[in-house]
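Some notes on the structure that comes next.
The values are calculated or read from the model by the stated rules, or taken from the named source; none is laboratory data. Just so it is clear, the structure is predicted and the values come from calculations on it, not from any experiment. Positions of Cβ are backbone-derived with ideal geometry, glycine not excepted, and every protein chain shown enters the neighbour counts.
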Amino acid sequence: MVIMKKPIFRYRNLQPGYHDPTRDAITFVLNKFCPRMADRVMVRVRGDDRLLEKHNEYAYCLYTSADTAQREFQVVMDNSLNPYTWIRTLMHELVHVKQYAKNEMVHYERDHSTIKWKQSKISVDTQDYWDLPWEIEAHGREEGLTQQFIVAFPQHSAFCKSEKNN
């Protein structure tokens, strides 16, 4: 049995039954990608009842602290997502948490349209969303991470395979 470090997890306005799978998904992904810093990362997850309606997106991730000793992130997710889509979308956003936490992706404070990705500067205004390298990684990993999570946390298998909204 692998002992996992526990990230700092806060939540607000999650659907009933979504708390434990969300907490365990965060623990799983951070221990997979950032094992040395997993217990120093704070992830706040907030459910939004109208995110999809207001912004036409399932979720987004914000890096809320640049403090290297305590990295803080906020993930906002639409509460209308069924459990499977919730976990898969959370996996996508947690790839972004990993990218920020490991400084693979850095937003420039003065130029919000330019992002440092690994060793390159990329203008988000000149590239299509689907061509952005951080989105290619996040979309490419979300399904595999979801399946690995179901195996690693079998107690959430029924939740993850549920298609109905709560």
Per the filter on region 93-124, residues touching a helix residue (DSSP H, G or I) at 6+ places or on another chain (Cβ under 9 Å), over 30 Å from residue 11 (Cβ atoms) and surrounded by 12 or more Cβ atoms within 10 Å (Cβ to Cβ) are 118, 122
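Among residues belonging to region 75-92 that are more than 10 Å from the chain's Cα centre (by Cα) and not in a helix (DSSP H, G or I), point out the one that is surrounded by the fewest Cβ atoms within 10 Å (Cβ to Cβ).
Result: 82.
Being more than 12 Å from the chain's Cα centre (by Cα) and within 28 Å of residue 119 (Cα to Cα) is true for just one of 98, 102, 54. Which residue is that?
Within the list 98, 102, 54, the selection yields 102.
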Taking region 140-166 and keeping residues touching a Phe, Trp or Tyr at 6+ places or on another chain (Cβ under 9 Å) and farther than 17 Å from residue 32 by Cβ leaves 159, 161, 162, 163, 166
Over region 35-62, the set of residues closer than 18 Å to residue 23 by Cα and of a type in the set (Ser, Thr, Tyr) is 60
Expected output for region 125-146 (first residue over 17 Å from residue 60 (Cα atoms) and surrounded by 14 or more Cβ atoms within 10 Å (Cβ to Cβ), partner of a type outside the set (A, V, I, L, M, F, W, C) and modelled with pLDDT of 95 or more, Cβ below 6 Å, 6+ apart or cross-chain) is 146/88
Checklist entry - For region 46-63, does any single residue satisfy the condition of being closer than 20 Å to residue 6 by Cα and part of a loop (DSSP other than H, G, I, E, B)? => result no
Could we say that residue 27 is closer than 16 Å to residue 146 by Cβ, at pLDDT 95 or above, in contact with an Asp or Glu (Cβ under 8 Å, 6 or more places away or on another chain) and of a type in the set (Val, Ile, Thr) here?
no
Test result for residue 43, within 18 Å of residue 103 (Cβ to Cβ), not in a strand (DSSP E or B) and not charged (D, E, K, R): no
